[in-house]
1. Please work out the Cα center distance from the range 161-186 to the range 28-92, rounded to the nearest Å.
2. Helix-only mean residue ellipticity at 222 nm, the chain, DSSP H runs n ≥ 4 weighted -39,500 (n - 2.57), per residue, nearest 500. What is it?
3. Work out the FRET efficiency for residue 39 and residue 85 from their Cβ-Cβ distance, taking R0 = 25 Å, and round it to the nearest 0.05.
4. For the chain, find the longest principal axis of its Cα atoms and tell me its angle to the long axis of helix 5-16, 0 to 90°, nearest 10.
5. Quote the Stokes-Einstein diffusion coefficient, in whole µm² s⁻¹, for the range 97-231, based on the Kirkwood radius over alpha carbon pairs, a temperature of 4 °C and a viscosity of 1.567 mPa s.
6. Hey, what angle do you get for helix 216-229 against the long axis of the chain, alpha-carbon based, 0 to 90 degrees rounded to 10?
7. Once the Cα gyration tensor of the range 32-143 is diagonalised, what are the square roots of 5 times its eigenvalues, in whole Å and ordered largest first, as equivalent ellipsoid semi-axes?
8. Where a ≥ b ≥ c are the square roots of the eigenvalues of the C-alpha gyration tensor, would you call the range 159-229 rounded, which needs a/c under 1.5, or, failing that, prolate if a/b is larger than b/c, or oblate?
């Protein structure tokens, strides 16, 4: 069975009511080790759910005001609730990037939208730059007819200056990878104020998709979550 176009439009509208968007999808091949759908049989299709810019932020804040002050991982909890409600309404299983055992969300995202990682590891989008995210996915036990995804332009290939590798005061990102402990120590330390209040300096140095850049309060929230979750 191929899911009707009207269902995709319904899902899009339901997600859009909370500032979320569909981020592409695909049909699993016979060679894929597909996660199970709502009834427990292997899924045939997946739709990625995420955001462009900070569109979900006001919806999240309104939800947050009604929750206990000490709720753990509030943005993850909100995403699970919103995407879970949509999944229940359309016969899908909702999954999250933080589910354990971890699902291959980045591989799914690259396959769904044809994106490639930036030097920071974040997938580079030709419109949104680095200012986007994946909040979950919908797994269906039916095939979904989706337009064929064309090859995306990878902006990092044309970026010679690579300012994203030159702005961090502790060189947390390099061609060798991410210096996790150095980043964490700096963010928590006396000189980490600019990162704590305005977000990652390397990420903010990227010249692409700046109209989608998260506002400082959103970046501060994510940086605080990183510092706290790191233990």
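Laboratory data are not the source of any read-out in this text; all were calculated from the coordinates shown. Owing to the predicted nature of the structure, the values given are computational and were not obtained by experimental measurement. Reconstructed Cβ throughout: ideal geometry from the backbone, glycine too, with neighbour counts over all protein chains shown.
1. Each part reduced to its Cα centre gives a spacing of 31 Å.
2. Using -39500 (n - 2.57) per qualifying helix, the result is -10500 deg cm²/dmol.
3. Efficiency for this residue pair is about 0.85.
4. The angle comes out near 30 degrees.
5. 79 µm²/s
6. 90 degrees
7. 23, 21, 12
8. Taking the square roots of the gyration eigenvalues as a ≥ b ≥ c, the range 159-229 is oblate.
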